[in-house]
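The next block holds one structure in the form of structure tokens; read it before the comments.
The values are calculated or read from the model by the stated rules, or taken from the named source; none is laboratory data. The model shown is predicted, which means the values in this text are computed figures rather than measured ones. Here the Cβ positions follow ideal geometry from the backbone for every residue, glycine too, while neighbour counts run over all protein chains shown. For the accessible areas, the whole protein counts, side chains as well, though only heavy atoms, and no ligand, DNA or RNA atoms are used. Shrake-Rupley method; radii C 1.70, N 1.55, O 1.52, S 1.80 Å.
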Amino acid sequence: AELNIFAIQGRTLSLKASIIGFFGILLLVLGVAGYWRADLLQAEFHQLAIAQGFTPRTIQITGRNHTKKQEIVAIANQMKGRSIFAIDLIELRKNILTLGWVEDAVIIRTLPEKLEIHLLERQPVALLQTPDGHQLIDAGGAIITGAYPSDFSHLVVASGSGAALRVSFILDILRSEPELFADVWAVQYVSERRWDIHMRSGLTIRLPEQDPLVAWSQLAKLEQETAITERDLAAIDLRVPGQLVVEPNIPIRGKGRKT
């Protein structure tokens, strides 16, 4: 999405005319003010730049989908009325990167009066289960601050120590079999070695530490032939290569009560 933060109306000179006029006056100022201290000369330089129209009149944002408009506006408003040369692009980029949804940013200064900010936003891949509740994470495992997890309830829930950093790996494997993946609601990283896959039906699929892709593909083939995941099972254990162990879903009988 493209967003123009502010577009100030006023006299607009051609770029060539602006630069020639600006630097002509600048050379005159430097000639008569060479004895000034550097900080005073710098202040005079920026005042001259503003007078000649070298101030941000348009700030164009591209790549914004989830980043809140008011967050960008707050940063952009700090540049109003300043010389375009006084804007530290490195510092501006650092400020933008503090926004939770922003993974990277490219800023282009176009003379005399335009700044372009190109955002690369984080791509949410899963909901991480934490002591503070579910947190939205990106492919690198970073928590996306400022996001509302409830808006992404369709994503898989990931849990277990080290799960955030490895969840993209297992999701890529699971997506290789779309029909099976459609019924996955959670993944659990067990002992930081392997994954348990929890289906919406309550079935748990235990993948092996080695070659989980092979095991998942074999299960998908078996599913097409026998619809095994639709049976009344508690778990399918694929941890032993070449073997499939099923655990029936045996209900726990109540102890009854005395009469």
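The table below gives the values:
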| quantity | calculated |
| --- | --- |
| Label point distance in nm, LYS80-ILE228, each placed 7 Å from Cα along Cα→Cβ | 6.5 |
| In sequence order, calculated HN-Hα J values of region 67-79 (Karplus, 6.51, -1.76, 1.60; Hz; x Gly/Pro) | 4, 5, 4, 5, 5, 5, 4, 4, 6, 5, 5, 5, 9 |
| Nearest-10 value in Å² for the accessible area of ILE75, using the 1.4 Å probe | 20 |
| Approximate spin-label separation ARG193-ALA220, in nm, with each point projected 7 Å along Cα-to-Cβ | 2.7 |
| For region 113-124, Karplus couplings with θ = phi - 60° (6.51, -1.76, 1.60), whole Hz, Gly/Pro x | 8, 10, 10, 10, 10, 9, 9, 10, 8, 5, 9, x |
| FRET efficiency, ASP88 to ASP132 (Cβ-Cβ, R0 22 Å, nearest 0.05) | 0.05 |
| Residues whose placed amide H lies under 5 Å from that of GLU103, excluding near-sequence neighbours | LEU120, GLU121, ARG122 |
| Under Karplus coefficients 6.51, -1.76 and 1.60, residue-wise ³J(HN,Hα) of region 45-53 in Hz, glycine/proline x | 4, 6, 5, 5, 4, 5, 4, 8, x |
| Inter-label distance for GLU179 and SER161, nm, one decimal - labels placed 7 Å from Cα along Cα-to-Cβ | 3.9 |
| Fraction of accessible area attributable to carbon and sulfur, region 132-194 (%, probe 1.4 Å) | 52 |
| Efficiency of FRET from Cβ geometry, ASN65 and VAL246, R₀ 30 Å, rounded to 0.05 | 0.10 |
| Region 71-135: GluC sites (Glu not before Pro) in DSSP loop, at most 13 other beta carbons within 10 Å | none |
